[in-house]
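**Q** Got a structure for you, written out below as structure tokens; questions coming shortly.
The values are calculated or read from the model by the stated rules, or taken from the named source; none is laboratory data. Treat the numbers as computed from the prediction; the structure is a model and nothing was measured. Every residue, glycine as well, gets a Cβ built from its backbone with ideal geometry; the counts of neighbours run over all protein chains shown. Each accessible area value is taken on the protein alone, full model and side chains, heavy atoms only, with ligands, DNA and RNA left out. Shrake-Rupley method; radii C 1.70, N 1.55, O 1.52, S 1.80 Å.
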Amino acid sequence: MKERVVPIMEGIVGDLGYEEAAVNVLNKGLIPDLPGFVTVEVPAKIGKKGIEGIAFPSYPKGFGALLRNYCGVYDLTAEAIISGRRDYVIQALLVNPVVGACSRIEELVDVMLDRQSKWLGYIK
């Protein structure tokens, strides 16, 4: 995958007004059912005003439900990092839709925290 930062900077400086297929920006209403503080990947117009995300005013209801679920996963993950709480790590894994087996989650977390203790030793 090719990085797009240089063409985007050129588009802003040169006021090119082109559409970039996917950029990461704060939601701020671009995807209505999601909190404004989360980062979303959306198409955007690139020009002298900077990067202007293009809104998705309607989309399938199931897609919105999945996105809201992931917002919860990411929120729990951030809370685990900020607070150092092992139980939030476990909760984030349990609500993640790609985690299919839950019976040994606590053991998995303990192994991960042990093996990554240099970086994650503050999580208790």
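**Q** For the stretch 31-86, give me the residue count where each residue is hydroxyl-bearing (Ser, Thr, Tyr) and part of a helix (DSSP H, G or I).
**A** Quick first cut of the stretch 31-86, residues hydroxyl-bearing (Ser, Thr, Tyr) only: 39, 58-59, 70, 74, 77, 83.
Within this subset, residues satisfying the condition of being part of a helix (DSSP H, G or I) are 70, 74, 77, 83.
Residues that pass the stated criteria total 4.
**Q** Residue 101 is checked against (1) closer than 28 Å to residue 27 by Cα; (2) aliphatic (A, V, I, L, M); (3) open to solvent by 70 Å² or more (accessible area, probe 1.4 Å) and fails just one. What number does that condition carry?
**A** (1)
**Q** Based on what the data block shows, is residue 94 under 21 Å from the mean Cα position of the chain (by Cα) and loosely packed, with under 14 Cβ neighbours inside 10 Å? Break it down stepwise before answering.
**A** On the way: under 21 Å from the mean Cα position of the chain (by Cα): yes; loosely packed, with under 14 Cβ neighbours inside 10 Å: yes.
Here the answer is yes, as residue 94 does meet what is asked.
**Q** Right, another one. Within the stretch 18-52, can you find the residues that are in contact with a helix residue (DSSP H, G or I) (Cβ under 8 Å, 6 or more places away or on another chain), open to solvent by 20 Å² or more (accessible area, probe 1.4 Å) and more than 18 Å from residue 64 (Cα to Cα)?
**A** 18, 48, 51
**Q** Could you list all residues from the stretch 63-80 that are in contact (Cβ under 8 Å) with a residue 12 or more places away in the chain, among the aliphatic types (A, V, I, L, M) and surrounded by fewer than 16 Cβ atoms within 10 Å (Cβ to Cβ)?
**A** The answer is 66, and nothing else.
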